[in-house]
Structure formats: structure tokens, C-alpha cells
Amino acid sequence: MRGTSVDQRRLRGQVLRWVGLLCCTLLVACGPVEQLGRALQPTNLPLPTLMPTGTPAPPPTSTPTGPQDSGWLPTAPGVELRRISVLVADQLALITVVRLDPQQVRFAVGYRPEDPPTLSAWADETGALAVLNGGFFDTNNETVSLIIRSEQAVGESYVGRGGMFAVSADGRILLRALSDTPYDPNEALVEALQGWPLLVRPGGVRAYSYEDGQRARRSAIALDRSGHVLLIATATSSFTLAELSSWLSAADLDIEAAFNLDGGASTGLLLRSNLLSERVEAFVTLPIVLLVLPR
């Protein structure tokens, strides 16, 4: 029994020596342990990052410029275009103004709540020189204020607030504050459109000062002291209503009176002529518009 144990110990020792020699041989063949460790690591695993990496924004295609003014550009008989950019609270506001001579163009109200057309469709269907979005409407596309179209009245007039643009039966252009001159159902009006709030009170006085901080695309209609009708739209969400009221009353547009129309996504102004065209695109279809037609 003792001899057998001694033989087993000797055999075990020889096996350990052979294993040691084999390990040394492998280490020499494979290089240092550090190199062996690197060789056994996968090479196709991604390196972890601490934060997700977002896709970089593409570089701007153009550099915004400062305030500019094109001046009045003739586009058709009785129609002029002006492009203005001004700084409003450190934002660049892009303003389009179309000036119209009522002696050379005529006005009509378009109203189609059942199937509202796009801005372009209104122009295509009527042959209008210019189209401006109208007043406010409800979820059924029906007007929330008074509209008169071809002497037919629809809706209820604002009372004590807002403004009204109208064409009388004898062809006169009217733009008034409804708080000063309320609508009379017995008036002989051919076309009429209302909006809120009044921005410039007759006499060129600022009419709206409540500051709610809400900036949006804006549209408005105005009458200047020479009797021209001004269609106004801002392509950028730069003005609050109070700021627009202040700017219109102080700008060199010679405004006698002005009121606000439906803004935001409804803001739309289209001008078509052989000389110049302009578009402030509405983002929705428009049940109410003001159409400028050739005489």
C-alpha cells in the first residue's frame, strides 16, 4: 500500500512538470500576456457612449438679413406690392402689403363653408388678382361674424367691438370701428367683411394695447388716408396683436383704420400679375376670403 502511494506521488509530480512546460511554451509562442488578452477580445463590438448622439442639423441655406423695405412695386393697374422686414422683440418679421386703388379694382367676399377651397383654388375659380383670408369661423367652417356677399347677409354682426370693411351700393369703400358706427341691417351694402380686434382706430390712432404675449402669423385689412385698401399678412409668427397694432399705427403706411382677420394657420395672401407675384401660404382651406377682381 505504501509503495503504491509513493508511485502515485511521483506520477503526479511528473504530470505537473509537463503541464508547466506546456504553458511556458504557449506563452512564448503567443507573446506577452497583455498581447494574448488583446488577441482574445472581440474586435467588432461598438464603443459605449455616455449620451446618445443626435443627428446634426443641416447648415442653413441662407443667412437671415436685417430689416429691409422694397418700397412700392407696381404689379398691375391699381395694384402695388411692398415687402417689409422689421425687427420685433429681436425677431425678424416678414410683412407683405398689397395696396389697391378702388377706382381700378373691385372687391367681393367669398364664402363657402360646405367645401372650403385653398387659397390658390379661390384665385383659379374667380380669376382674382389678389386673395386675402377672411374673418373667424367655427368648427363647421361657418362665420362667427357678419358677412355680406352680393347683398346677402350671413351671420351676426359684432357689437361694440371689431371692425367692418364694406362696399356700399353706390361703390364707396367703408372701413369703420363697430364700436363707433354699429352695423345697421337697413344699410345698402353690397359686400362686407368683419374682424376683431380693431387695430387702428379711425384717425390713425392705435386701438389695441392688451399684451397677451401670443405671437402668431397675422393678417389684417386697412384703409389709408388716400382711400387705398391695404391687404396685410405676416409670413412669420413675430407679432402679438398689441405689437401689430402699435406697428401699423406708427408705420409709414399712412393708415387711417385697420382691423385684424383670422391669423395663425389661416393667414394667407396671394397676388398674381404679369409683373410680380406674391404668396403667403395658408396652411388650411379657407371658407371666408376677400377677393380683389379686375374692373
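Each value in this text was obtained by applying a stated rule to the coordinates, not by laboratory testing. This is a predicted model, so every value here is computed, not measured. Glycine also receives a Cβ, built like all others from the backbone with ideal geometry; neighbour counts cover every protein chain displayed.
Descriptive notes on the structure:
- Spin-label pair SER273/TRP72, simplified geometry with 7 Å Cα→Cβ offset, distance in nm: 1.1
- Centroid-to-centroid separation of region 188-230 and region 109-149 [C-alpha atoms, Å]: 18
- Take 281-291, 219-229, 184-194 and order them by the average number of nearby Cβ atoms within 10 Å per residue, most first; the result is 281-291, 219-229, 184-194.
- Extension gain for ASP138 to ALA121 (0.36 nm times residue separation, less C-alpha to C-alpha distance): 4.0 nm.
- Hydrodynamic radius of region 80-225 per Kirkwood, over alpha carbon pairs, in Å: 16.9
- Ordering of 238-250, 112-124 by burial proxy (mean other Cβ atoms within 10 Å per residue, highest first): 238-250, 112-124
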